[in-house]
Amino acid sequence: MEDMYALNIQDLSVSYHGKPALRTINIAVLPGSLVGIIGPNGAGKSTFIKALLDLIPKDNGSVRIFGKTFSEQRQLVAYVPQRNNIDWDFPINVLETVLLGTYPSLGIFKRPKQADKARALACLKKVGMEDYHDRQIGELSGGQQQRVFLARALVQEPEILLLDEPFVGIDILSEENMMNILRDLKSAGKTILVVHHDLSKVDTYFEQLLVLNKKQIGYGDVKEVVRNGVINQAYLGQLSIFEKAEVM
Amino acid sequence: MAFIEAVIQYGFLQKALLTSVMVGIICGIIGCFIILRGMALMGDAISHAVLPGVAISYMLGINFLIGAVLSGIITAIGIGFVSQNSRIKNDISIGIMFTAAFALGIILITLMKSSTDLYHILFGNVLAVRPSDMWITLGIGTFVLLSIFLLYKEFLVTSFDSTMAEVYGLPVRLIHYFLMTLLTLVTVASLQTVGIILVVAMLITPAATAYLLTDRLSTMLFLSAGIGTLASIAGLYFSFTYNLASGATIVLVATFFFLLAFFFSPRQGLIHKFIKKSRAETSR
């Protein structure tokens, strides 16, 4: 039964600016999984997320969310973008940012009501940011900013949560707070995919690992993937290029 | 004051005042979204691109609103088409398409050799506002304000985080082109007061001034509309009293407000930043 998978990707291939960026991705993720997506720079991690979210066209393959297409299931998905894709000077405060998470469930022309504000505040509390609700977002530290965006995703009450490099340049306390929330979500049966850069923590953070380098290098249990030396294989190309550059 | 007496006495001045105030409000409000989306250049482009549409409308004897909106939207689509289907970046595409549209407009108007005065379309002549122009401006103003009020949430989320908006299913591109439509309407409404060439100042300068004064979008919209209105009224006053070109005078008053905010804004102003920096240095 295909429907039992929260996320089922078959034969996914994507081009970016006319060049092939990712080839033949095949993964099936059960609900309640916490999956890390790793790979060297330029391996196509962000491209993978964008293709999954229908933001860029696929060359080939299918993405099924609980057995249906993304556009049929988009209400089930929340996305936490990379921090450097946000304009931190935008005239918006923390609470208003989290309130954006209520927009998908409000119809056109409708405004968030008192109950939506209460929900947003409750999610801010989960990430420990309720005291900052009236701050402009640019006044926060990197970790605080990331927690606010996690709170926004929590308000959406997603079944599937995608985070793109959430731990880049943030403090350890924020990272721990966010990891705890992700683990709670996982225990509640939600499915979480995290694009991650730091190899040292993958085995403590994730249960499954998807290793990418222009194609699927490996997918499976973290311990298995690590034991098979798949990660080295993915990063090997980059290392050898680096060494060559040094020789020259 | 002679100006107030004159306003009470002369119908043309009342119409000029009312039109300028409306233009100040709607330019200020649309301008906020234009600068927050990083589209200042696009604002300049669309306002220029209205010219051929205005010319063709005069030739065909139809309402110039129709032609203006059509040529504005066609140019906006052309800009998007070129940048999406080639390696040409958006700012380059804007530069090519709007100058082309503007050049075409100039040729068309000179071919017409009619009473339509190119100079007035380009630079505005607020003291010659006809009743029909005033009603058009009021109609456009109402439509623009209503659109922003109803779609505030959609404009906010697509301006701040368009990826999120797209992921949850908003028609982001359609909203972009709707904003471009509002922009052409605002430009048409501003033809008489500031003219095509200086519209961009009314869009950007009050909005940028407000941006330096607040951290909230809702406050920024009201401030920007207020500053635009104030600049329009003061500009009209100076224009009437000293017999200066109305559009240019209004724009210079707006620039004066911007400079005030740039130096003296309580949080973002240059002087505040300087004091904060020197305090930090002495306390070290």
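Data table
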| quantity | calculated |
| --- | --- |
| Residue check, B:Leu51 in a helix (DSSP H, G or I), at pLDDT 90 or above and more than 19 Å from the chain's Cα centre (by Cα) | no |
| Residues satisfying the stated conditions in the range A:27-54, i.e. outside any helix (DSSP H, G or I), facing another protein chain (nearest Cβ under 10 Å) and open to solvent by 40 Å² or more (accessible area, probe 1.4 Å) | A:Asp54 |
| Meets criteria (over 29 Å from B:Thr249 (Cβ atoms) and among the small types (Gly, Ala, Ser)) for B:Ser93 | yes |
| Which listed residue, of A:Ser71, A:Ser62, is away from every other protein chain (no Cβ under 11 Å), modelled with pLDDT under 95 and out of contact with any Gly (no Cβ under 6 Å at 6 or more places or on another chain) | A:Ser62 |
| All positions within the range B:123-172 that are open to solvent by 20 Å² or more (accessible area, probe 1.4 Å) and among the aliphatic types (A, V, I, L, M) | B:Leu127, B:Ala128, B:Met134, B:Ile136, B:Leu138, B:Leu145, B:Leu146, B:Leu150, B:Leu151, B:Leu170, B:Val172 |
| Residue, surrounded by the fewest Cβ atoms within 10 Å (Cβ to Cβ), within the range B:231-249, restricted to residues that are aliphatic (A, V, I, L, M) and farther than 16 Å from B:Val7 by Cβ | B:Leu244 |
| Helices (runs of 4 or more DSSP H) lying entirely in the range B:152-201 (those with 1 or more residues that are touching a Cys at 6+ places or on another chain (Cβ under 8 Å)) | B:172-190 |
| Contacts under 7 angstrom Cβ, first residue in the range B:197-213 being over 19 Å from B:Met180 (Cα atoms), partner in a loop (DSSP other than H, G, I, E, B) and of a type in the set (Ser, Thr, Tyr), 6 or more apart | B:Leu212/B:Ser265; B:Leu213/B:Ser265 |
| Filter result for B:Gly11 (open to solvent by less than 40 Å² (accessible area, probe 1.4 Å), farther than 16 Å from B:Val129 by Cβ and of a type in the set (Gly, Ala, Ser)) | no |
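For (1) in contact (Cβ under 8 Å) with a residue 12 or more places away in the chain; (2) among the acidic types (Asp, Glu), each residue gets a yes or a no:
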site	(1), (2)
A:Thr97	yes, no
A:Gly101	yes, no
A:Gly107	no, no
A:Glu130	no, yes
A:Arg135	yes, no
A:Gly142	yes, no
A:Ala153	yes, no
A:Pro158	yes, no
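Residue-wise test of (1) over 24 Å from A:Asp87 (Cα atoms); (2) more than 14 Å from chain A (Cβ to nearest Cβ).
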site	(1), (2)
B:Thr214	no, no
B:Phe222	no, no
B:Gly235	yes, yes
B:Gly247	yes, yes
B:Phe258	no, yes
B:Leu270	no, yes
B:Lys273	no, yes
B:Ser278	yes, yes
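The values are calculated or read from the model by the stated rules, or taken from the named source; none is laboratory data. What you are looking at is a predicted structure, and each value in this text was computed from that prediction instead of being measured. All Cβ positions, even for glycine, are placed from backbone atoms using ideal geometry, and neighbour counts span all protein chains on display. Note: accessible area is taken over every heavy atom of the protein model, side chains too, but ligands, DNA and RNA are not part of it. Shrake-Rupley method; radii C 1.70, N 1.55, O 1.52, S 1.80 Å.
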